[in-house]
1. Out of segment A:546-556, which residues are crowded, with 20+ Cβ neighbours inside 10 Å and either more than 7 Å from every other protein chain (Cβ to nearest Cβ) or among the hydroxyl-bearing types (Ser, Thr, Tyr) (or both)?
2. Please find, within segment A:611-651, the residue that is surrounded by the most Cβ atoms within 10 Å (Cβ to Cβ) out of those that are at pLDDT 85 or above and farther than 26 Å from A:Glu512 by Cβ.
3. Find the residue count for segment A:35-67, including only residues that are over 28 Å from A:Ile287 (Cα atoms), in contact with a strand residue (DSSP E or B) (Cβ under 6 Å, 6 or more places away or on another chain), away from chain B (no Cβ under 14 Å) and surrounded by 21 or more Cβ atoms within 10 Å (Cβ to Cβ).
4. Give me the pairs, please: first residue somewhere in segment B:189-217 and farther than 13 Å from B:Leu150 by Cα and more than 14 Å from chain A (Cβ to nearest Cβ), second residue anywhere and hydroxyl-bearing (Ser, Thr, Tyr) and buried (at least 18 other Cβ atoms within 10 Å of the Cβ), beta-carbon distance under 8 Å, and either six or more positions apart or on two chains.
5. Condition (residue is under 30 Å from A:Arg127 (Cα atoms), touching a residue at least 12 places away in the same chain (Cβ under 8 Å) and not basic (Lys, Arg)) applied to segment A:489-497: is it met by at least one residue?
6. Hey, any hits in segment A:14-21 for a residue that's modelled with pLDDT of 85 or more and surrounded by 22 or more Cβ atoms within 10 Å (Cβ to Cβ)?
7. Restricting to segment A:463-487, count the residues that are in contact with a Ser or Thr (Cβ under 9 Å, 6 or more places away or on another chain) and part of a loop (DSSP other than H, G, I, E, B).
8. So for segment B:185-204 (the condition being outside any loop (DSSP other than H, G, I, E, B) and touching a Phe, Trp or Tyr at 6+ places or on another chain (Cβ under 7 Å)), does at least one residue qualify?
Amino acid sequence: MLTYKRFIYPFTAIIGQEKMQKGLILNAINPRLGGILIRGEKGTAKSTAVRALAALLPEIEVVAGCPYNCDPEDYNRLCLNCREKLGRGERLPRARRRVPVIDLPISATEDRLVGSLDFEYAIKHGRPRFEPGILARANRGIIYVDEVNLLDDHLVDVLLDAAAMGVNIVEREGISYTHPAEFILVGTMNPEEGELRPQLLDRFGLCVQIEGVHDPGQRVEIIKRRGAFEADPLRFLTQWAGEEERLREKILTARQILPRVTIREELLALIARLCVETCTAGHRADIIMTVTARTIAALAGREEVTEADVQEAAELVLPHRVREAPAPPPEQSQPPETREEPPQQEENPESTPEQAEAPPEQPRENDGQESGEEPHGEEHKGEPEEGENSPAPPQGQDVVFAVGQPFAVRRITHGRDRILRKGSGRRSRTRTATRAGRYVRATAWLQNNDLAFDATLRAAAPHQVYREKNGMAIAIEKEDFRSKVREKRIGNFLLFVVDASGSMGAQQRMVETKGAILSLLLDAYQKRDKIGLVAFKGKTAEVLLPPTNSVEMGYKLLQELPTGGRTPLAAGLLKAYDIIKTHFYKDPNLDPLLILISDGRANVSIGEDKPLLEARRVAEIIHNDARIKTLVVDVEKDGLVTFGLARELAAALGAEYYRIDELKAGTLVQVVREMQGSGAVAKLKEIC
Amino acid sequence: MQPETIIYPFAALVGQEEMKKGLLLNAVNPKLSGILIRGEKGTAKSTAVRALAALLPEIEVVADCPFSCDPADITTMCSSCRHRLEAGEELPRTRRRMRVVDLPVSATEDRVVGTLDIERAIKKGEKHFEPGVLAQANRGILYVDEVNLLDDHVVDVLLDSAAMGVNTVEREGVSFTHPANFILVGTMNPEEGELRPQLLDRFGLCVNITGILDPGERVEIIKRRVAFEEDPEGFIARWEGEQEKLRRQILTAIEILPQVEMPEEILYLIAKIAIEMGVDGHRADLVMMKAARTMAALDGRTEVIPGDVYAIVNLALLHRMRRQPFQEMHVDQAKLREVLAQ
C-alpha cells in the first residue's frame, strides 16, 4: 500500500523552546526518566517537537518480525512467541530499528490500545489469535498522547496499569494474553481544558511549561523556517541534516557516559531536602530527580553531577509534584479560595458598611491565579461580627454584585441507566450509541457497524457442523452477528436555579454565590455540559438562559445578574420544572441535573399557601419525577441565627445537599502550580 | 433541492466581503487549512460556499475512483489508482465541477473517516475499506454546518485530515490511508456554544458575520434574489462575465502563488502584530504569512506589501486572541490600528 510519507520538521530547527527540547533529549538519553508532560498554550511546537524526537532516537536491536520489539539480549523480557522459539532451540533473528514513537489518538478505542482478537485469522484458520495493539507496538518505545487531559478515563486506567507493571495483560473477547509493554509516556496538554488525575500526573517523570516566543527576531525566524520547510521539505531536511547528526551523536555519547556518572552524598541530601520542602508525595520525585541530574551531567559530558545539574533537574521534576502545605490550623476559618471579593463600592456603598470600616488588610499573595484584573480579596477574620446584622440592600433596589473567586468543584455525577446516548463530554457514565467507549458486553442487535467478534464467533460456533464453509474455517451468517454495548462519559444538562432575592445581598453572599456558580460553569465547560439558567426574585422567576452549550453566555448573564427584592422560591422551582419538562419532549434521553442555589427563605407565594409550604409542595412534585436529579447548594452562613431551610427543602426534593464551601474539591492538592514566580522554582532559589 | 447547474453566482453576492475574501483565499491556497464562519442564520453562508464551488474551474478526475484522484498526478493518487497505473492500465478520465460535500451534525466518526465493511469481512475473511465523507471530499470542499455541535473527536479527525491532506484510518485492525485534500469550511452560531480553543486554532481563518444593516444593500440583496428565482438561467447568464473575470483572477493567483516573494520587513510586521496583539502560540504568524502571500497572488502581484497583511489580519487573528475564560471573541480594532500605525 502506498504510504503518504510525512516529512517531519527537524528537532534542531525548533526555536525558543529550549527547556522542552532539553526534557525530550534527556528522555532520549535515559528511558528510565519516565516520560515528560508538556503543558502549554496551543501552537507552540509541542507536537512538532515530539514527532521530531523520533527521528533523533538511536536505533535499538530487536528480534526481527516480533510485534513487541523484543530485545534479543534480555531473556527475562521476551514475549511468549520469542521464548517459545528459543525453547524450540531456534535462534532469534536480529534486526535494528528506530525506537518506535506511537501516537495514541484520544479517540482510540480500548481494543486498539490493548489489542484484540484477530478475526481475519480466526475465520480463515478457526483458531483464536491475539492481534497486538498500540501497547505492543510501543514496547521499548514512546507513547505520545496529544491532549492527554482529554483522554477517556478507562484508557487512562489501562495506560496506568501497563505503565506500572511493564506488562500488558489482556483478558477480553475470549482471549487471554500477556506481553511486555514498557514505554515512555509523552503527553501534551492545554491546562484550560481541565487538569489531569494526580495518579497520571505522577507517572510523568518530567514536566515543562511552555509558551510562545516573544522576541520579534525569533518569531520571524520561526515563520521563515516553517515557510521554507513547507515550500520544500526535502531541501530543508538536507540543510539541517548536519545539525541533526551532531545532536544524535551527542545523545549517543551521553548514553555511554551515563553509567559512569556519580553523584556526591551532599547533593543527594539536597535532593531529599528539596522534595521534603516542596511536600511532594511519595519517593518517586527523589529518585527521578537523581536520575535526571545524572542524565543532565551526562549530556554535558561530565562524569560528576554538579549542584547546577540538581537545580536544573528540580525545575523539571518538581513542578507537577509540588503540593500545598498541610492544611492551615483550624483557627483560620476559611481556606484561601473562599476569600470574598470586596463589592463594587461605587454601585452600592450602603449595603456594605462592614467592608468600609474594616481596616484594609495586606492583599494576599495571588498564587497560581491568572485573572489579574480581579481585585485582590481581603481576608475576613471576624465572621460573627458581620453576622445577621449587616443590612440587606433596601427592598426594590437591585444591586449587581461582582463574581467571586472560582474554585475547583467536587465531582458531581449521576447514577447510570440503560439509555443509549450520543454525544461527548466528561461527566456521567452512559451507554453510548457511538463507537467510542468501553466495551461492556455484546448484544444480538447489530448497530453502528460495531461488531463484537468474540460474541459473533461464539454464536456461530454451534452451527459449524452443517454450514457450507467456502474455504473458510468458520462460516458466519447474518444471524450470528453480535455488536458491542459500550459505555462512556458524556455531558449532562445542568439547570441552575439561582436565588437573586435581596437576602442574598446580605454579607456579600451573592458574591460568593456567583463565585460558586462560576466554578460550576467552568466545571460544566470542561465536562461539556449543556447549561441553563433560571433566576428568581421579586415576584417572579425568569428564564435567563434557555438550554445551550454556550457556557460563555451563562457567564455573561451571571455577571449581569442583579440582586434584590423578595424570594419567590416556588415560582423559581416551578419554572425550572417547566423547562426540564419541555426539554424532555425535544430529547427524551436527557439527563438533567437541577441545581438550586438559595438559602431557602421563601417569602412570596404564587397562590394562597404560605410561601415555605408552597415551595415544599413544588419540591415534592419535582421529587416525584424520577427523571430529574437535584442538587441544593445552601448559601446560608453560620451566623447568630440559622434557619436550615435549604436543608429541609433539599430533603423534600430528595436532593443531594451541599453547603457552599463543601462544593470545593481542592482540599489537598492544587494539582500543578504555575511555574513562574511560585511553587517549586521560587522555593528552589530560596534553598539553593 | 435545485438541480446542480443552477447555483447563485458568487460574483452576485452582496456584502459579506470578509467571508468572500476568506473563501477566495482558501480556494487559491488550500494550505490555509480552512475557514470558520461564525454568525447568525440566513447570512448567505451556505449560498456562498456552493457558489464558490461553482465558480472554481472544473477538475479532471479518475472516473471510477472514490477519492476523485487526479489522473495527471501520480504523487497524490490513492493506492488503487497508482497500482492500476503501474500495471499499465489507462485510467478512465472525466471532468466535473468541484464537489461540495455536506457533513451533517449527526455524522459519526465512521461516516467521516470511513469504515470496515463488516459483512464482507466476516463472510469472506477480508478486510475491506468503505470510504467515508473525507474520501468524497478529496479535491473538493467539505462544508460542516454547525461545526460546534459535532462531537469533539469528529472535529479532531476533520482538522487532522485537513492539516495533513491525508486520512489515516486505524480501527479494529484496519489501517488504511488515502488522500484527503479539501477546503474545510465550518459554520457555527456562537450562541449554541463555542468550539474548544485547540480546535478553533486549527482553522486557518475565521470570520464573524452579521446580517447587513445598510438599507441600500439589503434592497439590492432582495432584488437580486428575486431576479435569480424568477429566471435563474437568465440571471446566471447576466453574471457570467463577472464570474469569468473572478475565475481568471483565481487561476492566475494559483499560478503565481509559488513565486510570491516575502520581504523581511513584512515578516517583522507579522511578528510584531502577533506579539502586540497577544495571541497564543505561533500558528497566527504562519497563517498570516501564508494568507498575505495568497492575498498578493490574488491581486496579481509577486511581492507582498503591507496592505496584504492589513487585508487578512482580522481573518487570521479573530479566533486566536488570548481571552479570559468566557470572554467574547473579538479583535480590538483600536489596538490593531495602533500596532499597525507604529
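The values are calculated or read from the model by the stated rules, or taken from the named source; none is laboratory data. For clarity, every value in this text was computed on a predicted model and none was experimentally measured. So basically every Cβ, Gly included, is an ideal-geometry build from the backbone, and we count neighbours across all protein chains shown.
1. Across segment A:546-556, the qualifying residues are A:Pro547, A:Ser550, A:Gly554, A:Tyr555.
2. For segment A:611-651, the residue satisfying everything is A:Glu614.
3. 1
4. So the pair list comes out as B:Ile209/B:Thr43; B:Thr210/B:Thr43; B:Gly211/B:Thr43.
5. no
6. yes
7. Final tally of qualifying residues: 3.
8. Step one: list which residues in segment B:185-204 are outside any loop (DSSP other than H, G, I, E, B), which gives B:185-188, B:190-192, B:197-202.
Filter once more, keeping what is touching a Phe, Trp or Tyr at 6+ places or on another chain (Cβ under 7 Å): B:185-186.
Looking for residues that are outside any loop (DSSP other than H, G, I, E, B) and touching a Phe, Trp or Tyr at 6+ places or on another chain (Cβ under 7 Å), one finds at least one in segment B:185-204, hence yes.
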